[in-house]
Amino acid sequence: MNKKLRNSNLPELKTSIPDFVFGLNYFWKKYSGDAEFGFLYSKSDKGVNKTKQTGFNSRIRVHYNLVDREKFAFTTGLSVAYTGNEYDIFNKNNTIDLNDLEPNNNSGHVNFTNAMFYFGPSTSFYFFRKSDWKVKLNLGYEFALTRGRYDSEFGSVINNIGESRNNRFVFGITFM
């Protein structure tokens, strides 16, 4: 998508966006894992144009506990994730006339969405397990399983691109 934005002299979307995540963790004798739900927001400006991205993601990890010590644990397993994003591209110099809300008379805004489904290996390191400051480090690599084609509530999307090869590295720190 950034190549198309760059070719149109529009602000590009950020490629690395931190997100706010909350979830549930479990740690049993042989197995561990978690369920996460996250939200993200990002915007970029270039001249009078702006891009905005909002998103939701969810992830479930199921791991086998390879090392389970009193203060440290190492686990590995699989991760399944889903992401949904909404993108807005607009010109900040638009004038909106509240006496004329006819959509055909108000332009300068493009809105579209896409969703992706991922699957891949993951691992977790648990530190300071018997202290008040427990820390978990998650690492993983997720393969994109769906095409992630773009769609819009406001019209048809032509010249669509697929995002099927956009695999990603995942890194997270959890304070428990």
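Close Cβ contacts (under 9 Å, 6 or more residues apart or on different chains) running from residues in the stretch 5-31 that are of a type in the set (S, T, N, Q) to residues that are part of a loop (DSSP other than H, G, I, E, B) comprise ASN9/GLY47; ASN25/MET176. Of the residues making up the stretch 35-92, those that are touching a His at 6+ places or on another chain (Cβ under 9 Å), at pLDDT 95 or above and open to solvent by 40 Å² or more (accessible area, probe 1.4 Å) number 2. In summary, strands (runs of 3 or more DSSP E) completely within the stretch 109-176 and bearing 1 or more residues that are in contact with an Asp or Glu (Cβ under 8 Å, 6 or more places away or on another chain), modelled with pLDDT of 95 or more and open to solvent by 60 Å² or more (accessible area, probe 1.4 Å) occur at 109-127.
Looking at the structure I just gave you, is THR113 in contact with a His (Cβ under 9 Å, 6 or more places away or on another chain) and without any contact (Cβ under 8 Å) to a residue 60 or more places away in the chain? Before the answer, list the steps.
On the way: in contact with a His (Cβ under 9 Å, 6 or more places away or on another chain): no; without any contact (Cβ under 8 Å) to a residue 60 or more places away in the chain: yes.
The answer is no for THR113.
Determine, yes or no, whether THR75 is closer than 22 Å to VAL157 by Cβ and either in contact with an Asp or Glu (Cβ under 8 Å, 6 or more places away or on another chain) or among the hydroxyl-bearing types (Ser, Thr, Tyr) (or both). Criteria not met by THR75.
The values are calculated or read from the model by the stated rules, or taken from the named source; none is laboratory data. From a predicted model like this one, the values you see are computed outputs, not experimental measurements. FYI the Cβ positions are ideal-geometry reconstructions off the backbone, even for glycines, and counts take in every protein chain you see. Calculation scope for accessible area: heavy atoms of the full protein, side chains included, ligands and nucleic acids excluded. Shrake-Rupley method; radii C 1.70, N 1.55, O 1.52, S 1.80 Å.
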